[in-house]
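Reviewing the structure listed below.
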Amino acid sequence: MTLESPSTTSPRRFRMAGALAASLAIVLAAGIGAAPASAQTLEQSAATVPYVRVQLQTHWTPRGANVRSIRIHGLPGFPDSTFNQCYSMGAYVPGIDAWPYIKVDVPQGPYKITSYTGPWCGEAFKTKRGVGLMYTDYRNWMVSSDDQPTPRG
């Protein structure tokens, strides 16, 4: 009966190769963080406003104008004045979800909120009075089709 060895490389060589690979990985990882001074200046000048998570909640009723989508607009003169996103509240299911909410990540700052009765933020679905300001200092807001957004809790 012949004995077959799965490898001709000794365990000592495996240990040496493993140690060399680990050392090389550490050196490469440290080298990635080192950038020329000009690159660091560019990164610092492109600093952005931190994002915060805000909860937007509404109340759905079997009858009446329910908020089904919300547009968040940035305000002129603030760092993210070009922010303009539409968010859907989902489909209304009577009796199942009377207090739907969504959580969105937005840059810190004030915003204009517009509520819509349709599944997307189309002008035809825009509510007449469901418009107002939102400040990210408050993280939980109630939106309505007939009143401006109000902070909760």
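Would you please name the residue that is modelled with the lowest pLDDT, looking only at residues in segment 110-153 that are among the small types (Gly, Ala, Ser) and part of a loop (DSSP other than H, G, I, E, B)? By that ranking, first place goes to GLY153.
Could you check segment 82-103 and list, in sequence order, the residues that are over 12 Å from SER69 (Cβ atoms) and in a strand (DSSP E or B)? Across segment 82-103, the qualifying residues are ASN84, TYR101, LYS103. Can GLY77 be described as loosely packed, with under 10 Cβ neighbours inside 10 Å and farther than 13 Å from GLN108 by Cα? It is true that GLY77 is loosely packed, with under 10 Cβ neighbours inside 10 Å and farther than 13 Å from GLN108 by Cα.
Whenever a residue of segment 112-135 is farther than 11 Å from ASN66 by Cβ, its partners that are of a type in the set (Asp, Glu) and surrounded by fewer than 18 Cβ atoms within 10 Å (Cβ to Cβ), lying with C-beta atoms within less than 7 angstrom and at least six residues away or across chains, give the pairs ARG129/ASP146; ARG129/ASP147.
Could you pull out the residue among PRO94, PRO107 that is at pLDDT below 95, surrounded by 13 or more Cβ atoms within 10 Å (Cβ to Cβ) and in contact with a Pro (Cβ under 9 Å, 6 or more places away or on another chain)?
Residue meeting the stated conditions: PRO107.
Checking each residue in segment 56-90 for being of a type in the set (Gly, Ala, Ser) and within 20 Å of MET142 (Cβ to Cβ) picks out GLY64, ALA65, SER69, SER88, GLY90.
Among residues that are free of Cβ contacts under 8 Å to residues at least 24 places away in the same chain and within 17 Å of the chain's Cα centre (by Cα), GLN55 is not included.
The values are calculated or read from the model by the stated rules, or taken from the named source; none is laboratory data. Model, not experiment: these values are computed from the prediction. Backbone-built Cβ (ideal geometry, glycine too); neighbour counts: all protein chains shown.
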